[in-house]
Amino acid sequence: MSREARSRDMIGEVAVAAGTRIIIAPWVLHRHRKLWPDADMFVPERFAPENRGRIPRFAYLPFGAGPRICVGMTFAMQEALLALTMIARRFRLTLAEGADVMPFARMTLRPMHGLPMRIEARSSG
């Protein structure tokens with residue numbers, strides 16, 4: 001995400017001139033060691049309702065922030081919740097043995113060579 005400073009400002013101890021292009025890299029922000037304990041670990045419990053109050057306001061920006069926040073955010077969250085619920089109810093997914101997952105950043109972040117998974121049907125009982 002990039003933005004242009006409308007006027008002089010300070011970011012921490014850095015002076016920013018009007019017209020300066022500011023780039024916000026969510027990949028870096030979401031793994032910043034000053035914001036997140038175990039920053040490189042997958043810890044979904046961080047986002048549990050009882051822990052949300054501990055997350056600084058602009059430490060996590062999956063859909064951007066401010067006046068240019070993603071207009072599809074609410075739909076995307078609802079769609080993801082429904083899809084993951086349906087999948088998790090019927091299947092157990094585990095990373096394929098020997099799989100090497102490397103992040104690949106473009107417009108969105110994705111696994112460079114896909115995400116090889118092992119899928120097992122859950123018992124219906």
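The values are calculated or read from the model by the stated rules, or taken from the named source; none is laboratory data. This one's a predicted model, so the numbers in the text were calculated from it and none came from an experiment. Here the Cβ positions follow ideal geometry from the backbone for every residue, glycine too, while neighbour counts run over all protein chains shown.
Observations, loosely collected:
- Test: residue in segment 65-74 that is surrounded by 11 or more Cβ atoms within 10 Å (Cβ to Cβ) and in contact (Cβ under 8 Å) with a residue 12 or more places away in the chain: no
- On inspection, residue 5 passes the criterion of being surrounded by 13 or more Cβ atoms within 10 Å (Cβ to Cβ), more than 13 Å from the chain's Cα centre (by Cα) and either more than 21 Å from residue 109 (Cβ to Cβ) or β-branched (Val, Ile, Thr) (or both).
- Qualifying position, being within 30 Å of residue 6 (Cβ to Cβ) and in contact with an Asp or Glu (Cβ under 8 Å, 6 or more places away or on another chain), among 31, 106: 31
- Verdict on residue 38 being among the charged types (D, E, K, R) and either modelled with pLDDT under 95 or in contact with a Pro (Cβ under 8 Å, 6 or more places away or on another chain) (or both): yes
- Of the strands (runs of 3 or more DSSP E) lying entirely inside segment 1-57, those carrying at least 2 residues that are β-branched (Val, Ile, Thr) are 14-16, 21-23.
- The condition of being touching a strand residue (DSSP E or B) at 6+ places or on another chain (Cβ under 9 Å) and either within 30 Å of residue 122 (Cα to Cα) or in contact (Cβ under 8 Å) with a residue 24 or more places away in the chain (or both) holds for only one of 94, 20, 85, that being 94.
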